[in-house]
Structures are given as C-alpha cells and as structure tokens.
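Right, one structure below, let's go through it.
The values are calculated or read from the model by the stated rules, or taken from the named source; none is laboratory data. All values reported here derive from a predicted model rather than from experimental measurement. Backbone-built Cβ (ideal geometry, glycine too); neighbour counts: all protein chains shown. Heads up: the accessible areas ignore ligands, DNA and RNA and are worked out on the full protein's heavy atoms, side chains in. Shrake-Rupley method; radii C 1.70, N 1.55, O 1.52, S 1.80 Å.
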Amino acid sequence: MTAVPPSAGATALSVATWNINSVRMRQGIVTRFLETEAPDVLCLQETKCGDGQFPTAAFRRIGYDHMALNGGKGGWHGVAIVSRLPLADIANRSFCGKGDPRHVTATVLVGGHRVRLHNFYVPAGGDEPDGTVNPKFAHKMDFLAEMAAWLPHAQADGATLVVGDLNVAPYETDVWSHKALIKVVSHTPEECAALEKARIDGGWVDLTRRFVPMDERIYTWWSYRAKDWRAADKGRRLDHVWATPDLADRALAVRILKDARDWPRPSDHVPVVAHFALP
DNA sequence: ATGGCGTATGGAATACGA
C-alpha cells in the first residue's frame, strides 16, 4: 500500500466499496466513514432496502448529493453509488435474467475527466460447491460467466472501475487457510478460475494486489460468528477493486479499513478505498 | 470452530449470508 506523490495539477479521485449489510441499520457508521475518510464516491452492496427507503437525506446532509440506486423491491441484495461528485449515465443490468438488484453503473464527472464505475454484488452461492445439487452455486457460476462475457464491452467506456463484493477470494493469500477453504464456497478452484477469467478476459488490473505483495495475506471480511474476530483472524478477501490499465497506472494507494470491523454494530465486511491522481 | 451471529420479512419462525 505504497503512496506516490501526485504530480502538480493532478485531479484527485477516491472511490470506496463497502458491503454494508443493511444501509439503514448502519447509517451511523456510514456517516462516520464518509466524514472521516471523505472518499469522493462510495459504492455500497447489500443495502437491503428499496429505492424509496434509501436514506438519501442523511447522505445529502453531509455533502453526498448524487446517488445511483438499485434496491429492487427491497429486502434482499441491493446496490447503490453515493457521491459528492456529479454522476451521469446511471443504469443497471439484470444478470442471469433474474432481475436481482446486483449491479449499478454510473459515470463520475471529476475535473474534466469521466470515470465509469460498475458496482457489483455477486451471489454468495450457498453451502454446497456443486451446481448440480445446489441451485445457488449454479447461479453464482452463471453470474460469473455472464460477467466475464459482458465486462469486456464495458472497456469501450474508457477509464473504468469494477468494484464490489465479488464473493470470491481468488488467491491463496486471500484466505486465512487455503487448505481449510479449498472446498468452501468463495475459495473453490472453480470459483477462483471463473473470477480470474472475468478479470483476465476484460484486461482488468486487481488494484489491491498491485499494492499488496502476493505473499502477504489480506482480507476484507470476517465472520460475525467468531468470538474474537481479530484474534481468530479467519478472514477472506471478497471485496475487490479492478481498474482498466490506464486508470491503474494513475492509482496512488488502496487502503483496507480493518478497524471498521470494530465499529459499533459493524458490517462483517470493511471498506476498501482506492486513491487516484488523474492527469 | 461452516456456525457459535446478524438482518430481512412480518408480527413467529424461517430464509439468507459465505
């Protein structure tokens, strides 16, 4: 997580991603995060509320006036982009023909630049890592395959980020124990290969791993069920920031806010924040 | 130590997370 000084005249941009596990339950800590870290843009997953229930006023009160919402019918899933910079070309895509609110996209307008954002919540996949007996796992694999086929078209938009809870920890050092988790949904070879295919086929740079050496373990999620999550430290890196190569070359740092796991009534995921200096 | 927790809907008990 090195930092390179931005060149003179550069335009700063910071983008965060956070699986919030109910945005209404966590309005207090979301506000705290925005006020202390002050990212330009925050991509949320598992908002668990319909667009009419989204706490827009609370975000506007602290200067985040621009929002792209896809909460579907409320209840399950739900994604949103909250921004203090203007957003254009807001849209969302239904994957696997299911209509689940798992994707929202917008273009961030910053200092004459346009940066396209895709915010994803990939299906968790259930317990059994076998699509022939577990429809949830089959859905997850279908979703990843559709992402792999569709995302390359997103490159036509120029500088682009793909962020979100991708629900796969692709590398051995993205989990507390590769051996213990190799047959556990989120780290099976089938899922890891599918996510890697989506990344490689689109030419995306895994921005977190650009700043963290591959031999260093790094996580963004710790289960609620550990008595002492920090002591057990049985985490997984499920939340990702992918960038087009041009944008990746403008990245200064990626930070994982591990301390957010100890905030009051926390999410089981923590925020990941990417910082850029645009030319 | 794959659930010991947490949130959703609905108004108790069950679905889902990963």
*Could you give me the residue pairs with C-beta distances under 8 Å whose first residue belongs to region A:33-56 and is closer than 19 Å to A:Pro86 by Cα, whose second residue is away from DNA strand B (no atom under 16 Å from the Cβ) and of a type in the set (Lys, Arg) wherever it lies, and which are 6+ apart or on separate chains?*
A:Asp40/A:Arg84; A:Val41/A:Arg84
*Which members of region A:190-212 meet the condition of being closer than 17 Å to A:Pro123 by Cα and more than 18 Å from the chain's Cα centre (by Cα)?*
A:Glu190, A:Ala193
*asked:* Pairs needed: first member in region A:199-217, in contact (Cβ under 8 Å) with a residue 12 or more places away in the chain and small (Gly, Ala, Ser); second member anywhere, in a loop (DSSP other than H, G, I, E, B) and surrounded by 16 or more Cβ atoms within 10 Å (Cβ to Cβ); C-beta distance under 9 Å; at least 6 residues apart or different chains.
replied: A:Gly202/A:Thr244; A:Gly203/A:Thr244
*From (1) exposed (fewer than 13 other Cβ atoms within 10 Å of the Cβ); (2) farther than 27 Å from A:Phe276 by Cβ; (3) without any contact (Cβ under 8 Å) to a residue 24 or more places away in the chain; (4) more than 11 Å from DNA strand B (Cβ to nearest atom), pick out the condition that doesn't hold for A:Glu172.*
(1)
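Looking at region A:213-233, which of its residues are farther than 18 Å from A:Val122 by Cα and either under 17 Å from the mean Cα position of the chain (by Cα) or more than 14 Å from DNA strand B (Cβ to nearest atom) (or both)?
If the condition is that a residue be farther than 18 Å from A:Val122 by Cα and either under 17 Å from the mean Cα position of the chain (by Cα) or more than 14 Å from DNA strand B (Cβ to nearest atom) (or both), then A:Pro213, A:Met214, A:Asp215, A:Glu216, A:Arg217, A:Ile218 are the ones that fit.
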*Of the conditions (1) of a type in the set (Lys, Arg); (2) under 23 Å from A:Glu146 (Cα atoms); (3) out of contact with any Phe, Trp or Tyr (no Cβ under 8 Å at 6 or more places or on another chain), A:Arg61 clears all except one; give me its number.*
(2)
*Looking at this structure, is A:Lys179 free of Cβ contacts under 8 Å to residues at least 12 places away in the same chain, more than 10 Å from DNA strand B (Cβ to nearest atom) and surrounded by fewer than 19 Cβ atoms within 10 Å (Cβ to Cβ)?*
yes
*Could you grab me the full set of residues in region A:234-279 that are more than 24 Å from A:Ile20 (Cβ to Cβ) and either in contact (Cβ under 8 Å) with a residue 12 or more places away in the chain or within 16 Å of DNA strand B (Cβ to nearest atom) (or both)?*
A:Thr244, A:Pro245, A:Asp246, A:Leu247, A:Ala248, A:Arg250, A:Leu252, A:Ala277, A:Leu278, A:Pro279
*Taking only pairs six or more apart or across chains, which ones have beta-carbon atoms under 6 Å, a first residue in region A:21-32 that is closer than 14 Å to A:Asp268 by Cα, and a second residue that is open to solvent by 20 Å² or more (accessible area, probe 1.4 Å) and more than 10 Å from DNA strand B (Cβ to nearest atom)?*
A:Ile29/A:Trp263
*Would you point out which residue out of A:Arg60, A:Arg24 is assigned to a helix (DSSP H, G or I) and either surrounded by 14 or more Cβ atoms within 10 Å (Cβ to Cβ) or away from DNA strand B (no atom under 11 Å from the Cβ) (or both)?*
A:Arg60
_So A:Val205, is it open to solvent by 10 Å² or more (accessible area, probe 1.4 Å) and modelled with pLDDT of 95 or more_ = yes
*List every residue pair whose Cβ atoms sit under 6 Å apart, with the two residues 6 or more apart in sequence or on different chains, where the first one lies in region A:111-128 and is surrounded by fewer than 23 Cβ atoms within 10 Å (Cβ to Cβ) and the second, anywhere, is assigned to a strand (DSSP E or B).*
A:Gly111/A:Thr11; A:His113/A:Leu278; A:Arg114/A:Thr107; A:Arg116/A:Thr107; A:Arg116/A:Thr160
*Name the strands (runs of 3 or more DSSP E) wholly inside region A:71-165 in which the number of residues that are within 16 Å of DNA strand B (Cβ to nearest atom) and on the phi < 0 side of the Ramachandran plot is 1 or more.*
A:79-83, A:103-110, A:113-121, A:160-165
*Out of the residues in region A:210-234 that are in contact with a helix residue (DSSP H, G or I) (Cβ under 8 Å, 6 or more places away or on another chain), open to solvent by less than 90 Å² (accessible area, probe 1.4 Å) and within 20 Å of A:Val184 (Cβ to Cβ), state the one that is modelled with the lowest pLDDT.*
A:Ala226
_Filter result for the condition that a residue is of a type in the set (S, T, N, Q) and at pLDDT below 95, over A:Thr2, A:Thr11, A:Thr31_ = A:Thr2
